[in-house]
Amino acid sequence: MKIKNIFFMSLWVFLGLTSCDKYLDVKPDQKMLVPKTLADCDALLDNRTTMNSNFSPVPDIASDHYYLIDVNFNAIVNSEDRNIYKWDAKTDLATNHWQAPYKVVLIANQVLALLDDIVRDKNVMDYDRIKGEALFYRAYAWMQQAHVFTLDYASETAKKNMGLVLRFSPDIDYVSPRSSLEETYVNIKKDLEAATTLLPEKITVRTRPTKVAALAALSRLGLMMGDYVLSEKTAKEALNLYNVLIDYNTLSKTASAPFPRFNNEVIFHAVTFTNACINPTIAKIDSNLIKSYVKNDLRGNLYFKNNNNGTYAFKGRYDGAVNASTFSGIATDELYFTLAESLVRNSKLKDAIDCLNTLLKTRYVKNTYVDLILNTKEEALREILLERNKSLIMRNLRWMDMKRLNQDESQQKTFERVIGSETYFLQADDQRYAFLIPKKVIEFNSLIQQNPR
């Protein structure tokens with residue numbers, strides 16, 4: 001990749017993040033803008049606003065963890081948001097749901113292209129770390145996009161179902177069609193596997209990926225693919241390196257944000273951009289979910305705020321904020337649930353129950369938790385999935401779970417929303433599990449095929 005092309009792409013990113021007026025008012029020294037060194041690569045990846053804070057909230061907006069009462073639904077100004085909430089088949093998403101994660105891909109590709117022109121031998125550790133980070137960011141952005149714009153992965157249909165637009169270069173001189181779903185997942189896996197060999201183990205700055213984060217992302221990918229051998233193996237490897245769980249007894253039940261930003265369970269920090277539907281001032285947590293927390297289960301008080309009118313709001317975000325976005329990173333509690341599910345699906349019943357008990361013991365009032373005794377694979381899987389659903393709320397994961405679990409006949413469920421006198425249903429294998437690509441994106445690149453309806 002020529003430095004000239006990278007320079008122009010850097011300007012493109014700069015213009016995308018800065019108003020045109022401000023840019024035209026300044027005539028920068030071009031020599032200062034051309035990235036050339038490892039330090040420049042580091043700086044490109046250190047843009048937390050772009051790399052960690054701009055993922056689509058659609059997987060939480062479309063999830064079944066919450067509901068909106070009619071007055072709040074009708075007060076939402078943006079029709080797109082209302083359509084996402086009711087799973088409207090013709091929902092036209094705003095372009096930022098597509099573009100924001102692809103900015104992450106763009107910057108990752110810039111860095112990888114720059115590294116091709118930098119001599120690795122001069123600073124091997126930094127070179128490898130930066131390359132591993134770029135590969136992780138690209139793969140993670142693709143994973144987030146797969147949640148929104150593709151159907152669930154199934155080996156028998158992955159070659160014919162449409163995947164993402166996979167870009168491997170920052171060059172703007174070519175346009176890309178969509179890959180197959182198989183190609184999408186193969187390339188995500190390839191990037192993450194390469195990242196595990198390059199990234200450092202130790203967590204220092206939680207906005208930057210580590211080997212643990214790459215292994216954890218691979219374990220999530222294993223669940224998405226139904227590859228439980230992969231998810232078990234990588235979850236174990238990740239937890240062998242970092243397995244810290246918060247004792248929920250140490251947290252304040254009355255705090256408006258009980259979990260501090262970059263808390264000890266956070267392996268990789270990321271958040272979505274904001275959306276009206278999931279604003280805790282209007283989003284009401286499903287009443288059946290609230291009822292599922294038994295006495296002495298600290299999650300009930302740490303995750304939810306009683307609105308004193310028979311409804312509850314979510315306050316348990318894992319990034320210490322209370323606003324209209326959600327945590328979309330990786331934490332160790334997710335890893336424990338991934339491992340427990342993978343173990344039971346791989347017929348390792350005792351290990352799966354031990355894993356689940358280890359986690360849940362930290363979520364109950366001290367010395368009150370009684371270890372679960374589960375006698376069958378079916379019973380254990382049901383309990384693990386129940387507890388996963390009760391723990392990983394507003395993590396941008398539930399939509400993924402809704403899709404993948406509906407491929408399992410024993411777990412299939414039809415979801416519903418009630419708005420006024422209308423009831424909206426979402427059935428297993430529904431094409432609406434893959435949202436339409438924004439019309440403006442299709443108009444810009446005619447090679448991109450729209451999701452079927």
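The values are calculated or read from the model by the stated rules, or taken from the named source; none is laboratory data. What you see is a predicted model, and the numbers here were worked out from it, not measured in a lab. Please note: Cβ atoms are built from the backbone with ideal geometry, for glycine as well, and neighbour counts cover all protein chains shown. Surface accessibility is based on the protein's heavy atoms, side chains included, excluding ligands, DNA and RNA. Shrake-Rupley method; radii C 1.70, N 1.55, O 1.52, S 1.80 Å.
Here are a few things to note about the model shown:
- 3J(HN,Hα) couplings calculated from phi for the stretch 46-57 with the Karplus curve 6.51 cos²θ - 1.76 cosθ + 1.60 (θ = phi - 60°) are, in sequence order, 8, 7, 4, 4, 7, 7, 10, 10, 9, 8, 5, x Hz; Gly and Pro show x.
- Potential lengthening of the chain between Gln407 and Val322 amounts to 27.2 nm, from the contour at 0.36 nm per residue minus the alpha-carbon distance.
- Amide H partners (placed H, <5 Å) of Met162, local residues excluded: Leu181
- Surface analysis of the stretch 34-190 yields an accessible area of 39 Å² per residue, using protein heavy atoms and a 1.4 Å probe.
- With K and R counted +1 and D and E -1, the other residues having a Cβ less than 9 Å from that of Val105 yield a net charge of +3.
- Taking the protein heavy atoms of the chain in the context of the full set of protein chains, the accessible area attributed to carbon and sulfur is 51 percent at 1.4 Å.
- Judged by the mean number of other Cβ atoms found within 10 Å, the most tightly packed of the peptides 262-268, 129-135 leads the ranking 129-135, 262-268.
- Sorted largest first, extent of the chain alpha carbons per principal axis (Å): 63, 51, 47
- Ranked by the mean number of other Cβ atoms within 10 Å of their residues, highest first, the peptides 238-251, 142-155 come out as 142-155, 238-251.
- Lys, Arg +1 and Asp, Glu -1 on Cβ, resulting dipole of the chain about Cα centre, debye, nearest 20: 580 debye
- With a cut-off of 15 Å between beta carbons, the residues surrounding Ala313 carry a summed charge of +4, where Lys and Arg count +1 and Asp and Glu -1.
- Alpha-carbon centroids, the stretch 371-402 and the stretch 433-453: separation in whole Å: 33 Å
- Residues of the stretch 376-453: accessible area per residue with a 1.4 Å probe, Å²: 50 Å²
- Average projection area in nm² (convex hull over Cα atoms of the stretch 33-100, one quarter of hull surface): 6.8 nm²
- Charge dipole (debye, nearest 20) of the stretch 54-170; +1 at Cβ of Lys and Arg, -1 at Cβ of Asp and Glu: 320 debye
- Leading residue at positive end of dipole, the stretch 102-193 (Cβ point charges), from Ser180, Tyr102, Leu151: Leu151
- Per residue, the average separation of C-alpha pairs within less than 8 Å and at least 6 apart gives the chain a relative contact order of 20 percent.
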